[in-house]
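Working notes, beginning with the structure itself.
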Amino acid sequence: MGTRLQRDQFVKSHALGNDYIVLDEAQLSRPLTPGAVRRICDNHYGIGSDGILLLTAGVGADFGVRIFNPDGGEAEKSGNGLRILAKFLYDHGYTDKPDFTVSTPGGRVRARLSLEDGRVSAITADMGRATFVSSEIPVAGPRREVVKETLEVAGRQFTVTAVSIGNPHCVIFAESLDEDEVRRLGPAIEHHPSFPNRINVQFAKVLGRDRVSILIWERGAGYTLASGTSSCAVASVCVKNGLTDRRVTIESPGGELRVSVGESWDLTLTGPASEICAGALSQDLLRSLSA
């Protein structure tokens, strides 16, 4: 088991290839500005990552977290990020309990750790409740459930269902999945005027009543190998459209996650996380953050 972070130290971890840098707000010598986030996440001038998890004091919870995208903006919630953080908190001695809560901008989450020989083998997170109501996602236009609506993008029409699980998602079902198409259409859908706060985008292919394959364009991050909230969003949209049962395995290029959709649209996510490395922000990097 590692120790708690000291001055300007970090841990880098991934969840199915979706990698985050974990920092402790109480140990940072400089504020984490949007510019600092962009520099730290840069693959050439920084450490390189899909985002930053900033451990904070919990608000009505045992711990708190702010979730930063590599463009410097903040996300409301991250399923992969929460699993990474939960494993980090246990591995680095912030808690010795396998069950605790974390406050996020998208709501409070409960994390439960599965342990094998004292090591974290999987993390289950209660991800909140799905809503399809336009004003709660948000989606422009009159208040309604955004289910099987037509969206015109780049001269093409898509049938979409939008959902929020604390952050916004737009799901498109396809007969086949094409990474190049996701990279091409993802930015246009993310920034579509129908979505005033921008949106995460998933293209999904239903493989059976209990299995779905997805490709992901993540708001503020781009094409992503895996996403916990995207997996939850797709599972809930599949259930809403009658395409799957309530327990679904979601396949993405990074691996598989298991999602359970409750009768009241409450969501539970289970999957792994792995630590990559640990270190400290160098003086050269810290000076560049202040420049």
For a footprinting-style exposure proxy, rank 151, 53 by other Cβ within 10 Å, fewest first.
151, 53
So residue 176 and residue 74, fully extended at 0.36 nm per residue minus their Cα-Cα distance, gain in nm 33.6 nm
Could you tell me which of 90, 138, 128 has its Cα farthest along the dipole of segment 84-139 towards the positive end, charges placed at Cβ (Lys, Arg +1; Asp, Glu -1), taken about the Cα centre?
138
Using the Karplus equation 6.51 cos²θ - 1.76 cosθ + 1.60 (θ = phi - 60°), what ³J(HN,Hα) coupling, rounded to whole Hz, does each residue of segment 23-31 give in order, writing x for Gly and Pro?
10, 9, 3, 5, 10, 8, 8, 9, x
Relative to the longest principal axis of the chain, what angle (0 to 90°, nearest 10) does the C-alpha long axis of helix 228-240 take?
20 degrees
Among 185, 11, 111 the positive-end extreme of the charge dipole of the chain (Cβ point charges):
111
How far, in degrees from 0 to 90, does helix 179-190 lean away from the longest principal axis of the Cα atoms of the chain, to the nearest 10?
90 degrees
Set the Förster radius R0 to 30 Å, insert the Cβ-Cβ distance between residue 284 and residue 26 as r into 1/(1 + (r/R0)^6), and round the FRET efficiency to 0.05.
0.85
Phi-based couplings in Hz for segment 136-152 (Karplus 6.51, -1.76, 1.60; Gly and Pro marked x):
9, 7, x, 10, 5, x, x, 5, 6, 7, 8, 10, 6, 9, 8, 10, 9
Does anything in segment 179-196 have its amide N under 17 Å from the 7 Å Cα→Cβ label point of residue 135, and if so which residues?
196
Output ³J(HN,Hα) for segment 281-291: one whole-Hz value per residue in order, computed from phi by the Karplus curve 6.51 cos²θ - 1.76 cosθ + 1.60 with θ = phi - 60°, and x for Gly and Pro.
5, 6, 5, 4, 5, 4, 5, 5, 5, 8, 5
Expressed in nm to one decimal, what extension gain is obtained for the pair residue 59 and residue 157 from 0.36 nm per residue of sequence separation less their Cα-Cα distance?
31.0 nm
When N counts the residues of the chain, how does its alpha-carbon radius of gyration compare numerically with 2.2 N^0.38 Å, as a ratio?
0.97
Quick check on packing: order 252-262, 8-18, 163-173 by the mean number of other C-beta atoms within 10 Å, highest mean leading.
163-173, 8-18, 252-262
Treating cross-link reach as a plain straight distance, find the lysines whose alpha-carbon is under 25 Å from the alpha-carbon of residue 97, omitting any fewer than eight places away in the same chain.
12, 77, 87
Peptides 114-126, 200-212 ordered by average Cβ neighbours within 10 Å, highest first:
200-212, 114-126
Between residue 28 and residues 5 or more places away or on another chain, which pairs have amide H atoms under 5 Å apart, with H built 1.01 Å from N, and which residues are they?
8
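Coordinate-derived values only; no laboratory data. All of these numbers come straight from a predicted model, not from anything done at the bench. Note: ideal-geometry Cβ built from the backbone for every residue, glycine included; neighbour counts use all protein chains shown.
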